[in-house]
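Please treat every number below as a calculation from the coordinates, not as lab data. It should be emphasised that the depicted structure is a prediction, and the values quoted were computed from it without experimental measurement. Using ideal geometry, Cβ is built from the backbone for each residue, glycine included, and neighbour counts are taken over all protein chains shown.
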Ligand SMILES: NC(=O)C1=CN([C@@H]2O[C@H](COP(=O)(O)OP(=O)(O)OC[C@H]3O[C@@H](n4cnc5c(N)ncnc54)[C@H](OP(=O)(O)O)[C@@H]3O)[C@@H](O)[C@H]2O)C=CC1
Ligand SMILES: CCCCCCCCCCCCCCCC(=O)[C@@H](N)CO
């Protein structure tokens, strides 16, 4: 018996692991790719604040030609000035509301063919569904989800005709609330989960054009938008979201930029996010056979870890509701 156990661990286990690795190396699709940004046109929505502004700053400092889009022209001008001061480079600014398809189309056409489109604009007003206004629910779906449809549809014709024909990228900023539902985020989570369906389907449609889709999943991030959110966030939302800690906008932007340059489909931003992405890998495309290997090996145990998180969250909800009664 002991001999068999030794044989299993010393011979069979390495053999099976190696076979799995080789198998995955052959089958993972799409193939790995690198998306350069130097001297290329990077178009970032929501680029006047928070994560989008940090992205614009970093892309500009890496030598990209950057365009940013948002509604408020004053804040766009401030962003342009601060990027010029910190990087010495000029960014083009476009004022438009992503909910207005014609306005988006006009801005995108004026900006010229895009190599890397970053859909980062987003609004988040957490509240329990029962008390949240229908208008606010639609607002989140319209800006976060429908707005992203508008952008991609407007940008695709130009992207297909991009000057250098090199690998292009469409990067979408989701949220960890787009990987797991969290109390107070019914509308917001729905808008962010929707982006995943959009991204998974879109990747199959644009792979033939050498365009690569990335979905970025940040945890709570210190931004002007987050400061606003905190003024009215349900306490339970904050308690559950704290399971994943918080990051600075610069750190998230760095992860997002590295993720899209590596052509990764799923881009986690922190330690917890890495495990959350493994636990929710589902049927998403995976370019790296090593990551695919980790996903396969970790699947069972991560389901147990995920259930422990749910146990903890429902415990918190129970406690909180008990205290309120
Ligand atoms: N901060 C966080 O905790 C987290 C944020 N995220 C996501 O990251 C993204 C950026 O968030 P963050 O940096 O915090 O946000 P901010 O609120 O700081 O900035 C939002 C940006 O989006 C623009 N924007 C908002 N609405 C529209 C619109 N209708 N049309 C065009 N532009 C618009 C804003 O400009 P203007 O108002 O002038 O239009 C601004 O430039 C969002 O998608 C968010 O969901 C994900 C996880 C965590
Ligand atoms: C199996 C392993 C599990 C690992 C841990 C899971 C932790 C999940 C926490 C989810 C937090 C959601 C924060 C959303 C932030 C956001 O989008 C708002 N600030 C609005 O912008």
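Residues in the stretch 57-85 that are more than 9 Å from ligand 1 (Cβ to nearest atom), closer than 23 Å to residue 251 by Cβ and touching a helix residue (DSSP H, G or I) at 6+ places or on another chain (Cβ under 6 Å): 57, 58, 60, 61, 66, 83.
Which residue is farthest from ligand 2 (Cβ to nearest atom), if the candidates are limited to the stretch 221-273 and must be part of a helix (DSSP H, G or I) and exposed (fewer than 15 other Cβ atoms within 10 Å of the Cβ)? Step by step, filter the stretch 221-273, then rank; the result is 258. Please determine whether any residue of the stretch 161-175 is in a helix (DSSP H, G or I), under 24 Å from residue 100 (Cβ atoms), touching a residue at least 24 places away in the same chain (Cβ under 8 Å) and touching a strand residue (DSSP E or B) at 6+ places or on another chain (Cβ under 9 Å). Scanning the stretch 161-175, I find no residue that is in a helix (DSSP H, G or I), under 24 Å from residue 100 (Cβ atoms), touching a residue at least 24 places away in the same chain (Cβ under 8 Å) and touching a strand residue (DSSP E or B) at 6+ places or on another chain (Cβ under 9 Å), so the answer is no.
Checked against the criterion of being away from ligand 1 (no atom under 16 Å from the Cβ) and more than 23 Å from residue 203 (Cβ to Cβ), the candidates 304, 296 yield just one match: 304.
Scanning the stretch 52-83 for residues that are in contact (Cβ under 8 Å) with a residue 40 or more places away in the chain, out of contact with any strand residue (DSSP E or B) (no Cβ under 6 Å at 6 or more places or on another chain) and assigned to a helix (DSSP H, G or I) gives 53, 54, 57, 58. Within the stretch 98-122, being surrounded by 18 or more Cβ atoms within 10 Å (Cβ to Cβ), part of a loop (DSSP other than H, G, I, E, B) and in contact with a helix residue (DSSP H, G or I) (Cβ under 7 Å, 6 or more places away or on another chain) holds for 98, 113, 114, 120, 121, 122. Condition check for residue 195 on (1) on the phi < 0 side of the Ramachandran plot; (2) touching a strand residue (DSSP E or B) at 6+ places or on another chain (Cβ under 7 Å); (3) more than 14 Å from ligand 2 (Cβ to nearest atom): one failure, at (3). The combined condition, being part of a helix (DSSP H, G or I) and within 16 Å of ligand 2 (Cβ to nearest atom), is not fulfilled by residue 158.
Restricting attention to the stretch 204-238, the residues being within 15 Å of ligand 1 (Cβ to nearest atom) and more than 14 Å from residue 124 (Cα to Cα) number 4.
Of all residues in the stretch 189-220 being free of Cβ contacts under 8 Å to residues at least 12 places away in the same chain and more than 28 Å from residue 242 (Cα to Cα), which is surrounded by the fewest Cβ atoms within 10 Å (Cβ to Cβ)? By that ranking, first place goes to 208. Just name the residue that is nearest to residue 296 (Cα to Cα) out of those in the stretch 245-271 that are out of contact with any strand residue (DSSP E or B) (no Cβ under 7 Å at 6 or more places or on another chain) and within 13 Å of ligand 1 (Cβ to nearest atom). Per the stated criteria, the residue is 245.
Within the stretch 299-312, restricting attention to residues that are near ligand 2 (Cβ under 9 Å from one of its atoms) and in contact (Cβ under 8 Å) with a residue 24 or more places away in the chain, the residue that is surrounded by the fewest Cβ atoms within 10 Å (Cβ to Cβ) is 303.
Can you find, within the stretch 149-160, the residue that is nearest to the chain's Cα centre (by Cα) among those that are touching a residue at least 12 places away in the same chain (Cβ under 8 Å) and more than 13 Å from residue 43 (Cα to Cα)? Per the stated criteria, the residue is 149.
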